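Here's the structure, in structure tokens; my notes come after.
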Amino acid sequence: MSHVQDLTLIEDISGFVDLYENKPLNINNLTCGRRHCIATFDYGAFFIWGDNEFGQLGDKKRRFLESPFPKSKFERRHNVENVICGIDNCAVIVEDLTEKMPPKKKKPSKKRTIKKS
């Protein structure tokens, strides 16, 4: 039997709403390390917060994030399938969506010309 202490309500992730469909977003998975947490949502993105002393939140700033922060690196071309937290690390398992996305339209390149005067 384990003992739970020092519970903190994180109000920043409760009550998220999909503005396009006007429905609440649900948390699929919540995992925690020693002093950091990751929550995945049902739309394929995740939020991180907590201690970042060893870079476990995935940025190089090594700052403590008190409120959940969306990690946008995976949102456009990847669908987050699962997240796992270790003591001072984390891993993100993603589905690559680049093949399913429509190809980008290339803008015509403007050629620079030099005129002699």
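The values are calculated or read from the model by the stated rules, or taken from the named source; none is laboratory data. Here the structure is a predicted model, which is why all the values come from computation and not from measurement. So basically every Cβ, Gly included, is an ideal-geometry build from the backbone, and we count neighbours across all protein chains shown.
Miscellaneous remarks
- Residue match in the range 19-31 (condition: within 20 Å of residue 97 (Cα to Cα), out of contact with any Gly (no Cβ under 8 Å at 6 or more places or on another chain) and surrounded by 12 or more Cβ atoms within 10 Å (Cβ to Cβ)): yes
- For the range 21-71, the set of residues classified as out of contact with any His (no Cβ under 9 Å at 6 or more places or on another chain), among the small types (Gly, Ala, Ser) and either without any contact (Cβ under 8 Å) to a residue 12 or more places away in the chain or part of a strand (DSSP E or B) (or both) consists of 39, 55, 67, listed by residue number.
- Filtered residue count, the range 80-113, keeping only those that are under 16 Å from residue 43 (Cα atoms) and at pLDDT 80 or above: 9
- Residue 15 vs. criteria part of a loop (DSSP other than H, G, I, E, B), at pLDDT below 85 and touching a His at 6+ places or on another chain (Cβ under 9 Å): no
- Residues of the range 27-73 that are at pLDDT below 85, of a type in the set (Gly, Ala, Ser) and on the phi < 0 side of the Ramachandran plot: 45, 67, 72.
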